[in-house]
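The values are calculated or read from the model by the stated rules, or taken from the named source; none is laboratory data. Note that the structure is predicted; figures quoted are calculated from it, not measured. Reconstructed Cβ throughout: ideal geometry from the backbone, glycine too, with neighbour counts over all protein chains shown.
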Ligand SMILES: CC(C)(COP(=O)(O)OP(=O)(O)OC[C@H]1O[C@@H](n2cnc3c(N)ncnc32)[C@H](O)[C@@H]1OP(=O)(O)O)[C@@H](O)C(=O)NCCC(=O)NCCS
């Protein structure tokens, strides 16, 4: 069973295909949100947005069945942020992309909720959850060099910029190397204690 997580202001709950329209409204139909995300070139039409949203949701649910982790829907718990239970983004873990680097963190949130520390809050709950699993000794994340908000989030949750990598054909696509961040379980748990 996929767990739900609670933070002070958010609920992280299982995603389902019924989130497709909300995913389109909040993520795929906003080019400021999609700018750094996969398939940003495929969301210029409503049909494209629906298709990309469905692809994301499918990819986000799949690892739950195969690997015991995956991506959650981020929903409002604190009504100061909006309607209780509304979908405002996603975060969680995708399968390892670089051997030995561990699950890859993925996240995005609707623009109306940026800059409030919400993704940092959500990801902290995700890390607390995944590092209870003894088999997960490390998690990793990549972003684009110029995605400053995303890089800052990684730093705020304690991730270390280890190196720059050519992943997802980034160099061939003209996007250059991607900064690769990681955090080890031991380091994270020690940091949480202090
Ligand atoms: C990246 C993203 C998830 C951040 O969400 P958020 O809820 O705004 O994040 P937080 O509020 O927790 O933290 C953002 C941090 O970046 C900083 N920041 C944002 N834009 C910045 C900029 N242009 N220059 C410098 N710092 C910036 C904020 O000040 C904040 O840091 P602070 O708390 O030290 O002040 C959100 O912007 C988003 O969804 N972007 C589009 C999708 C995306 O890029 N996903 C990641 C793909 S790897």
Do any strands (runs of 3 or more DSSP E) entirely within the range 30-145 hold 1 or more residues that are in contact (Cβ under 8 Å) with a residue 12 or more places away in the chain and either loosely packed, with under 14 Cβ neighbours inside 10 Å or more than 15 Å from the ligand (Cβ to nearest atom) (or both), and if so, which? 138-142
Could you tell me whether the range 165-187 includes any residue that is in contact with a helix residue (DSSP H, G or I) (Cβ under 7 Å, 6 or more places away or on another chain), in a helix (DSSP H, G or I) and within 28 Å of residue 87 (Cβ to Cβ)? no
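Among the residues of the range 1-24 satisfying the criterion of being surrounded by 12 or more Cβ atoms within 10 Å (Cβ to Cβ) and out of contact with any strand residue (DSSP E or B) (no Cβ under 8 Å at 6 or more places or on another chain), which is nearest to residue 122 (Cα to Cα)?
Selected residue: 7.
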Among the residues of the range 165-184, which ones are over 22 Å from residue 34 (Cα atoms) and surrounded by fewer than 19 Cβ atoms within 10 Å (Cβ to Cβ)? 184
Do any residues in the range 146-173 that are over 20 Å from residue 121 (Cα atoms) and touching a residue at least 40 places away in the same chain (Cβ under 8 Å) have Cβ atoms under 9 Å from those of residues that are more than 11 Å from the ligand (Cβ to nearest atom) and in a strand (DSSP E or B), where the two are at least six apart or on different chains, and which pairs are they? 165/180; 167/180
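Looking for whichever is surrounded by 15 or more Cβ atoms within 10 Å (Cβ to Cβ) and in a helix (DSSP H, G or I) here; the options are 192, 151. Which one fits?
Going through 192, 151 in turn, the sole match is 151.
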Answer yes or no: is there a residue in the range 10-21 that is assigned to a loop (DSSP other than H, G, I, E, B), away from the ligand (no atom under 15 Å from the Cβ) and within 21 Å of residue 66 (Cα to Cα). yes
Being more than 12 Å from the chain's Cα centre (by Cα), at pLDDT 95 or above and within 18 Å of residue 22 (Cα to Cα) is the requirement here; does residue 92 meet it? no
